[in-house]
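This report concerns only the one structure given below.
No lab work stands behind these numbers, since they all come straight from the coordinates. The model shown is predicted, which means the values in this text are computed figures rather than measured ones.
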Amino acid sequence: MARDRESEDKMSDTENKPQNDTETPQDDTAKAEAAANANSAQADAPVADDPIPKLTAELDSMRDKLLRALAEAENARKRADRDVADARSYAVSSFAKDMLDISDNLTRAVSAVDEAALADAPDAVKNLVEGVAMTEKAMATKLERHGVKKVDPQPGDAFDPHKHQAVAQIPSDHGAGTIAAVMQTGFVIADRTLRAAMVAVSSGPAAGNGDASGGSGGNVDMKA
């Protein structure tokens with residue numbers, strides 16, 4: 001009887017023992033699917049954008065705009081300085097150009113005086129000529145004080161198209177292309193030509209140039 005009871009107790013314990021200790025293939029598959037779903041959810045989760053590249057691009061853009069603005073301001077300042085300097089240098093250009101005719105007439109008057117005849121002239125005439133000469137000299141001094149200087153080329157000088165105006169081409173003893181004669185002096189104000197000097201350009205010696213005075217080079221305008 002005692003043995004029968006022990007056998008019944010063992011059978012009862014076996015029936016009451018939980019069945020979860022043994023895992024089935026279905027349980028492994030479920031766990032694998034759950035892990036895969038978790039990884040997929042993590043992969044699909046939004047990742048925050050890195051702000052550094054965007055901020056760097058904005059900084060570069062602002063730096064470029066600042067440099068451009070500084071360059072434009074510097075260019076504007078230089079233009080303003082140049083305009084002020086030009087205004088100071090060339091403000092009297094129109095007035096000075098009108099005064100050139102007066103200076104030319106005074107120079108012609110002084111040049112027309114014959115020194116030999118002047119020696120025997122009355123004192124009144126001598127004083128008059130001396131006064132005209134002093135006026136001509138004072139006029140040139142005043143013009144030069146305001147930046148107006150005379151351009152007085154001499155025969156044989158090189159022709160400068162920026163300061164000289166060729167009105168004729170004539171044979172002379174001077175080299176071809178140089179100044180042969182001066183008809184009228186010129187003037188410059190600062191670094192600009194106020195009036196070009198009127199000159200005749202040499203075409204070389206007459207013997208080597210044939211009929212140079214009557215050919216197509218007889219009236220050549222070489223103004224710059």
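A few notes on this one:
- Kirkwood Rh and Cα Rg combined as Rg/Rh, the range 64-146: 1.44
- Rh (Kirkwood; distinct C-alpha pairs) - the range 91-204, Å: 15.6 Å
- Counted over the range 123-163 with a bin width of 5 Å, the fraction of Cα pairs per bin, in whole percents, is 6, 18, 15, 15, 15, 15, 10, 4, 2, 0.
- Here the Karplus relation 6.51 cos²θ - 1.76 cosθ + 1.60, evaluated at θ = phi - 60°, turns the backbone of the range 75-91 into coupling constants of 5, 5, 5, 5, 4, 5, 4, 5, 5, 5, 5, 5, 5, 5, 7, 10, 5 Hz, with x for every Gly and Pro.
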